[in-house]
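Worksheet: one structure, shown below.
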Amino acid sequence: MFKLLFALILAVLVILPANVSAQSRNVQIDGDHGKLAAVLQTPDGLSSFPMVIICHGFTAQKEQPLLKYLADDLEAAGIASIRFDFNGHGKSEGRFQDMTVLNEIEDAKHVYEYVRDMRGVTSVSIAGHSQGGVVTSMVAGELGTENVKAIALMAAAAVLRDDAIRGNIFTEHYDSINVPEYVDLDHRGTKRLGRNYILTAQSLPIYETAAQYEGPVFIIHGLADIVVPYTYSLRYQEIYPGSQIEFLKGFDHGFTQDEKLTADKVANFFINQLK
């Protein structure tokens, strides 16, 4: 009987994937518009580690390959991460129509408080893609250099303010003076951009708030990005003296030409800053 039990245990160990010991778990965090679904990854066998909050972009979610690659790279280097769905996105609560950049900033602050109070966390940094990059820069500015160790902006969508003033989002156009109750993004009624998003975006102090952060910054942007022109990252470079910036020739807004390469570059920045 003992030999049979031992054989069964051994068989299970052989079948289990090599990363079974990885400390990855789903958690829920109170956000600005309900519960936020998040994935927390911590390095196996370490009692203390730096933490990186990873923020997704507009209409995206935490399982985006770019963000998962980044989380895995960080874990392999002994750095923890938490990636989460903003309100109205992915598996988090809330309506997409009620989402604004301002309440996404509040969501990110709730996540910050959650990881800041975790045992073993030695510092907190933030990374964000697209609108998540705007949130990252503004949260870092509001929390201050003493509370955020480093930030990385991946095609940060600071264009969103100008788009709201012009009255366009992707291929949709609207009256930016008499803002409608919502803009139907998918023409099926399942992805409606609310009036409050537009009104708050029109006066959003993106660069003014971001400039209050004086810590290490890494900026990365694709030169073939037609959603957010790379010139918006050049403006970030101006407000962040000493920041590192890298442009990827032929890369689009989602870095779909090579998401793993992009994630590696962001991870290497954090490794150099945090380890």
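What number comes out for the charge environment of Val39, summing +1 per Lys or Arg and -1 per Asp or Glu over other residues with Cβ under 9 Å away?
Numbers: positive: Arg25, Lys62, Lys68, Arg83; negative: Glu63.
With Lys, Arg at +1 and Asp, Glu at -1, the net is +3.
Could you please report the charge total around Leu223, scoring K, R as +1 and D, E as -1 over all other residues with beta-carbon less than 11 angstrom from its beta-carbon? Please report the intermediate quantities before stating the final value.
Numbers: positive: Lys249; negative: Asp225, Glu246, Asp252.
Its environment carries a net charge of -2.
Once the principal axes of the Cα atoms of the range 125-216 are found, what is the range along each, listed largest first in whole angstroms?
43, 24, 17 Å, listed from the longest principal axis down.
Please work out the Kirkwood hydrodynamic radius for the range 49-175, using every pair of different C-alpha atoms, and report it in angstroms with one decimal place. Intermediate results must be reported in sequence, preceding the final value.
Details: mean 1/r = 0.0667 Å⁻¹.
Radius from the Kirkwood sum: 15.0 Å.
Considering only Cα-Cα distances, which of the following residue pairs are longer than 28 Å: Lys35/Lys265; Lys91/Lys275; Lys149/Lys260; Lys35/Lys149? Intermediate results must be reported in sequence, preceding the final value.
Numbers: Lys35/Lys265 31 Å; Lys91/Lys275 32 Å; Lys149/Lys260 24 Å; Lys35/Lys149 26 Å.
Result: Lys35/Lys265; Lys91/Lys275 exceed 28 Å.
Suppose we take every Cα in the chain and form the convex hull; what volume per residue is that in Å³?
Given the Cα convex hull of the chain, per-residue volume reads 146 Å³.
Could you please report the charge total around Lys149, scoring K, R as +1 and D, E as -1 over all other residues with beta-carbon less than 15 angstrom from its beta-carbon? Write down the numbers at each step before the final one.
Values: positive: Arg116, Lys275; negative: Glu146, Glu214.
Result for the local shell: 0.
Treating the beta-carbon of each Lys and Arg as +1 and of each Asp and Glu as -1, no other charges, what is the dipole magnitude of the chain about its Cα centre, to the nearest 20 debye? Each step should come with its number before you reach the end.
On the way: 23 positive and 33 negative charges, 148 e Å.
With only Lys, Arg, Asp and Glu charged at Cβ, the dipole is about 720 debye.
Test of understanding: what is the full-extension gain from Lys260 to Arg116, defined as 0.36 nm times their sequence separation minus their Cα-Cα distance? Display every interim value, and only then the final one.
On the way: separation 144, 0.36 × 144 = 51.84 nm, distance 2.79 nm.
That pair, Lys260 and Arg116, stretches by 49.1 nm at full extension.
Work out from phi, with θ = phi - 60° and the Karplus expression 6.51 cos²θ - 1.76 cosθ + 1.60, the ³J(HN,Hα) of each residue of the range 224-239, listed in order in whole Hz, and give x for Gly and Pro.
9, 6, 9, 7, 10, x, 4, 4, 5, 6, 4, 5, 4, 4, 5, 7
How far apart, in nm, are the 7 Å Cα→Cβ label points at Ser203 and Asp98?
2.3 nm
So, by mean Cβ neighbours within 10 angstrom, what's the order for 167-175, 225-233, 148-156 with the highest one leading? Each step should come with its number before you reach the end.
Numbers: 167-175: 13.2, 225-233: 18.0, 148-156: 27.4.
Those peptides, ordered most packed to least, come out 148-156, 225-233, 167-175.
Each reported figure results from applying straightforward, stated rules to the coordinates on display, with no laboratory input. All of these numbers come straight from a predicted model, not from anything done at the bench. Every residue, glycine among them, receives a Cβ derived from its backbone with ideal geometry; neighbour counts consider all protein chains shown.
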